[in-house]
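A.B. asks: Below is one structure. I have some questions about it.
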Amino acid sequence: MHDVAIIGGGHNGLTAAAYLAAAGLDVVVLEKNAHVGGAAFTEEFHPGFRNSVAAYTVSLLNPKVISDLDLHRHGLRVVERKVANFWPVDETRALVMPYGLAARQRAIAAFSERDAARLPAYDDALEAAANVLKRLVLETPPNAGGGLAALWKGARLSHSILKLPLETQRDLAALFTESAADYLARWFENETVRAAFAFDGIVGTYAAPSTPGTAYVLLHHCFGEVNGKTGVWGHAIGGMGAISAAIASSAREKGATIRTDVPVAKVVVENGRAAGVKLASGEVVRARAVAAAVPPKLLFSRLVPEGAVAPDLHHRLKTLKSGSGSFRMNVALSELPRFTCLRGRGENDGTLGAGIVIAPTMDYLERAYLDARRDGWSKEPVVEILIPTMLDTTLAPDGRHVASLFVQHVAPHLPAPRSWADPAEKEAFADLVIETVTRHAPNFKASVLGRQILSPLDIEQRFGMVDGDIFHGALSLDQLFSLRPVLGHADYRMPLDGLYLCASGAHPGGGVTGVPGHNAAREILRDLRKRR
């Protein structure tokens with residue numbers, strides 16, 4: 001018998017395994033695919049061209065996880081983008097956002113001198129709010145029904161917030177409850193400047209910037225750092241799979257067993273407790289505890305048997321809000337895109353190594369969502385393009401390039417009778433995405449040598465992300481902190497004894513962070529030590 005069986009070998013499952021094995025436990029990771037890493041995986045998608053399949057950029061990976069698991073020694077190397085982001089606006093204008101306050105102010109001043117003057121105060125407000133939440137990221141949320149310990153933790157948290165300056169408290173309240181559009185309207189006047197900041201509020205979120213709660217999603221993407229530099233975005237050499245490979249190497253070194261091609265069919269329940277799992281092959285893997293590195297909606301819809309959990313709670317967990325509105329593509333390129341607005345620049349100054357975002361105005365962002373709600377996809381989609389070969393020559397033949405395209409918005413489920421299972425639907429939308437980029441870079445379509453397409457259904461079937469939700473559940477106010485995934489079970493312990501949640505469906509939510517795995521491992525260790 002194992003001490004812990006982990007369902008799913010994504011980066012959080014591997015992180016939990018590494019911490020548990022380091023504590024001396026007998027841990028087995030069970031991954032349904034032929035490889036570990038889940039959405040953080042690199043593969044060849046066209047002969048000679050490799051790229052990250054789903055997850056595509058580095059910033060949120062927690063520095064404590066990197067340090068504790070010694071990921072650099074296990075082969076992880078992250079390089080920084082020279083330029084943060086670049087927004088093509090029209091044929092002659094672009095917003096190129098470098099790093100550094102003064103440089104960013106100069107970039108914004110081309111659109112609004114008033115907005116450039118407001119930037120330092122905006123940065124300060126967001127940094128103050130992000131610092132509060134960063135302190136909570138590695139903590140287990142206070143759990144409703146958790147007794148005196150939870151009450152004490154809640155009181156301590158409330159006291160720490162009440163000690164903050166009143167203006168910071170107001171900003172926190174606004175960021176948790178308002179839309180990105182409303183929050184940004186108080187700071188900036190220019191539509192392009194607002195859209196540049198609002199983009200982070202809809203990434204991985206099936207919502208318009210006017211939707212309440214998107215201000216928090218904006219804040220969620222401000223937690224990151226690369227190589228100790230806050231607010232910087234980077235690239236893992238070898239693609240996002242290099243992160244998963246390094247964590248897996250660390251876990252194996254510490255004694256964890258990792259099995260692939262072993263899909264789990266159900267959680268085994270004995271005497272009211274999780275006692276292991278049954279694989280699709282019929283094999284039973286017994287364990288003192290089971291940790292699920294899969295979305296809670298999948299866990300309770302498909303793996304936890306009926307009757308193991310109170311019916312009302314089981315139904316609530318099976319119907320959690322999910323769906324990112326995201327569509328993912330990789331393309332092999334014969335040459336770099338030539339953006340009209342750059343007038344021949346970009347290759348040597350780092351601009352083409354930035355996150356290139358096609359979303360020039362707030363109205364564009366709004367319409368992209370409304371189109372998808374009505375018709376199934378955006379007529380003018382929001383597209384973030386990364387060209388990792390600007391930083392990493394290992395991914396393509398000499399002189400050639402790969403590009404990641406992360407696209408919003410598509411309906412997680414198309415209006416009936418249409419379906420993402422229809423290849424024609426996927427291809428038609430992929431063609432639209434290519435045309436959207438080509439309007440800004442006329443050589444783009446002709447340079448595409450091959451492409452990989454993942455609809456929400458593909459993301460669900462390949463990675464287990466129900467409804468194509470890259471965050472394992474919406475980052476909405478009713479599914480955050482002590483409410484994630486549901487009130488009463490935010491401490492990584494599920495409503496079945498011995499069953500735990502250790503991936504993005506738990507606090508602090510989505511992104512390639514490793515934090516849910518880190519935090520869940522701590523709680524599992526506490527419980528198993530008590531049982532001993």
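The values are calculated or read from the model by the stated rules, or taken from the named source; none is laboratory data. Since this is a predicted model, take the numbers as computed values, not measurements. All Cβ positions, glycine included, derive from the backbone under ideal geometry; neighbour counts span all protein chains shown. Note: areas computed on protein heavy atoms with side chains; ligands, DNA, RNA excluded. Shrake-Rupley method; radii C 1.70, N 1.55, O 1.52, S 1.80 Å.
A.B. asks: Applying the selection to the range 342-359, what residues are over 20 Å from the mean Cα position of the chain (by Cα) and surrounded by fewer than 23 Cβ atoms within 10 Å (Cβ to Cβ)?
C.D. replies: Listed by number, the residues that qualify are 342, 343, 344, 345, 347, 348, 349, 350, 351.
A.B. asks: Collect the residues in the range 355-392 that are part of a strand (DSSP E or B) and closer than 22 Å to residue 233 by Cβ, keeping them in residue-number order.
C.D. replies: Those that are part of a strand (DSSP E or B) and closer than 22 Å to residue 233 by Cβ: 355, 356, 357, 358, 381, 382, 383, 384, 385, 386.
A.B. asks: Out of the residues in the range 163-194 that are aliphatic (A, V, I, L, M) and in contact with a Leu (Cβ under 6 Å, 6 or more places away or on another chain), state the one that is farthest from residue 216 (Cα to Cα).
C.D. replies: Step by step, filter the range 163-194, then rank; the result is 180.
A.B. asks: For residue 40, are the conditions met, namely being in a loop (DSSP other than H, G, I, E, B), hydrophobic (A, V, I, L, M, F, W, C) and under 24 Å from residue 522 (Cβ atoms)?
C.D. replies: The answer is yes for residue 40.
A.B. asks: Report, by residue number, each residue of the range 494-532 that is of a type in the set (D, E, K, R) and open to solvent by less than 10 Å² (accessible area, probe 1.4 Å).
C.D. replies: Of everything in the range 494-532, just one residue is of a type in the set (D, E, K, R) and open to solvent by less than 10 Å² (accessible area, probe 1.4 Å), namely 523.
A.B. asks: When you scan the range 437-453, do you find a residue that is open to solvent by 50 Å² or more (accessible area, probe 1.4 Å), at positive phi and not basic (Lys, Arg), even just one?
C.D. replies: Scanning the range 437-453 turns up no residue that is open to solvent by 50 Å² or more (accessible area, probe 1.4 Å), at positive phi and not basic (Lys, Arg).
A.B. asks: If you take the residues in the range 63-76 that are open to solvent by 40 Å² or more (accessible area, probe 1.4 Å) and out of contact with any strand residue (DSSP E or B) (no Cβ under 7 Å at 6 or more places or on another chain), which one is nearest to residue 453 (Cα to Cα)?
C.D. replies: The selected residue is 75.
A.B. asks: Here is a follow-up. Tell me, which strands (runs of 3 or more DSSP E) lie completely within the range 211-324 with 3 or more residues that are among the basic types (Lys, Arg) and open to solvent by less than 40 Å² (accessible area, probe 1.4 Å)?
C.D. replies: So the answer is none; nothing clears 3.
A.B. asks: Quick one: is residue 140 among the hydroxyl-bearing types (Ser, Thr, Tyr), farther than 30 Å from residue 116 by Cα, modelled with pLDDT under 95 and surrounded by fewer than 24 Cβ atoms within 10 Å (Cβ to Cβ)?
C.D. replies: Answer is yes for this residue.
A.B. asks: Also, I was wondering about something else. Are any of the residues in the range 173-181 within 24 Å of the chain's Cα centre (by Cα), open to solvent by 50 Å² or more (accessible area, probe 1.4 Å), among the aliphatic types (A, V, I, L, M) and modelled with pLDDT under 95?
C.D. replies: yes
A.B. asks: Among the residues of the range 298-308, write down those that are in contact with a Leu (Cβ under 6 Å, 6 or more places away or on another chain) and under 12 Å from residue 272 (Cα atoms).
C.D. replies: Across the range 298-308, the qualifying residue is only 308.
A.B. asks: What are the pairs with Cβ atoms under 7 angstrom where one residue, in the range 189-218, is on the phi > 0 side of the Ramachandran plot and the other, located anywhere, is assigned to a loop (DSSP other than H, G, I, E, B)? Sequence gap at least six, or different chains.
C.D. replies: From residues that are on the phi > 0 side of the Ramachandran plot, the pairs are 204/324; 204/470; 204/471; 204/510; 213/476.
Results for (1) in contact (Cβ under 8 Å) with a residue 12 or more places away in the chain; (2) touching a helix residue (DSSP H, G or I) at 6+ places or on another chain (Cβ under 7 Å); (3) open to solvent by 10 Å² or more (accessible area, probe 1.4 Å), shown as yes or no for each residue.
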| position | (1), (2), (3) |
| --- | --- |
| 456 | yes, yes, no |
| 462 | yes, no, yes |
| 466 | yes, yes, yes |
| 469 | yes, no, no |
| 473 | yes, yes, no |
| 476 | yes, no, yes |
| 484 | yes, no, no |
| 487 | yes, no, yes |
| 492 | yes, yes, no |
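A.B. asks: Test of understanding: among 25, 60, which residue is more than 30 Å from residue 188 (Cα to Cα), open to solvent by less than 40 Å² (accessible area, probe 1.4 Å) and among the hydrophobic types (A, V, I, L, M, F, W, C)?
C.D. replies: 25
A.B. asks: Also: Taking residue 198 as meeting all but one of (1) within 30 Å of residue 88 (Cβ to Cβ); (2) modelled with pLDDT of 85 or more; (3) surrounded by fewer than 24 Cβ atoms within 10 Å (Cβ to Cβ), write down the number of the exception.
C.D. replies: The failed condition is (3).
A.B. asks: Within the range 503-532, can you find the residues that are among the polar types (S, T, N, Q), in a loop (DSSP other than H, G, I, E, B) and over 15 Å from residue 295 (Cβ atoms)?
C.D. replies: 513
A.B. asks: If you don't mind, another one. Please verify whether the range 450-469 includes one or more residues that are β-branched (Val, Ile, Thr) and farther than 27 Å from residue 335 by Cα.
C.D. replies: yes
A.B. asks: To continue, here is another question. State whether the residues of the range 34-45 include one that is over 20 Å from the mean Cα position of the chain (by Cα) and either crowded, with 18+ Cβ neighbours inside 10 Å or touching a residue at least 40 places away in the same chain (Cβ under 8 Å) (or both).
C.D. replies: Scanning the range 34-45, I find at least one residue that is over 20 Å from the mean Cα position of the chain (by Cα) and either crowded, with 18+ Cβ neighbours inside 10 Å or touching a residue at least 40 places away in the same chain (Cβ under 8 Å) (or both), so the answer is yes.
A.B. asks: Could you pull out the residue among 255, 238, 228 that is in contact with a Ser or Thr (Cβ under 9 Å, 6 or more places away or on another chain) and at positive phi?
C.D. replies: 238
A.B. asks: Would you check if there is a residue in the range 360-377 being among the small types (Gly, Ala, Ser), closer than 17 Å to residue 196 by Cβ and at pLDDT 95 or above?
C.D. replies: Yes, the range 360-377 contains at least one residue that is among the small types (Gly, Ala, Ser), closer than 17 Å to residue 196 by Cβ and at pLDDT 95 or above.
A.B. asks: Next up: Out of the helices (runs of 4 or more DSSP H) lying entirely within the range 396-492, which hold 1 or more residues that are within 18 Å of residue 376 (Cα to Cα)?
C.D. replies: 423-438, 456-463
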